[in-house]
């Protein structure tokens, strides 16, 4: 097993454990409300600000989708056709299927999905990843719609996201910031889905944009890769001892496109 494969699996294990650690002790979703548990998940309480670059979805709309995907859930069966699973979760979360991309890989909505059952409920997204990953499928969020697509399709239709990494580089000179930014980018590329980045033969890219007030990373990657990047940056923020953004300044609404600094992807 090569090093990149081991790294990818390690990242997925960290993702699953992180989601499980905050979802214990709750009843299965679909029978009782689980909003208090889902709202406590790290992915829904980001320390590093980030925004989707999407013509039909702003940050608040995206958060609503994330809350839906990361609510606790227990599959009714350990194995069921994809169509049956989508019907089961329909009251909780509406997910579309890119049928054409699946057909290219010989898959249909009748393809069986295998779930891990038993133990405390875990976020719906974690169950979905565990069932879809062996089939080389993944989740894509675009224009306010959740879709199941092949990983190849997801890699061709990258989601763009802006991350404000200023809290990770406080009080450094311009030279020190450049050096530390390079290190941060290398950390992301070497630990989060390493084979997906352009520098390592993939399609995902990272572009630095230093504005007057913030240091921004403009990242084009798959939806699931963005989840990992967000969690990595948040954890680096915690380990570094920095305070959450809302502890430093009064809470404010996520900016719209007109509020963000201009940038150019290359």
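Label 7 Å along Cα→Cβ of residue 191; the range 152-171 residues with amide nitrogen under 18 Å?
From the range 152-171, the list is 163-170.
7 Å from Cα along Cα→Cβ at both residue 110 and residue 212: what's the point-to-point distance in nm?
Computed distance between label sites residue 110 and residue 212 equals 6.2 nm.
Could you tell me how far the Cα centroid of the range 78-102 sits from the Cα centroid of the range 108-157, in Å?
Distance between centres, Cα-based: 9 Å.
What nm value, rounded to one decimal, do you get for the distance between residue 179 and residue 61 when each label is placed 7 Å out toward the C-beta?
4.4
Note the full-extension length gain between residue 92 and residue 77 as 0.36 nm times their separation in residues minus their Cα-Cα distance, in nm to one decimal.
Additional length available on full extension: 3.7 nm.
Each value in this text was obtained by applying a stated rule to the coordinates, not by laboratory testing. All values reported here derive from a predicted model rather than from experimental measurement. Reconstructed Cβ throughout: ideal geometry from the backbone, glycine too, with neighbour counts over all protein chains shown.
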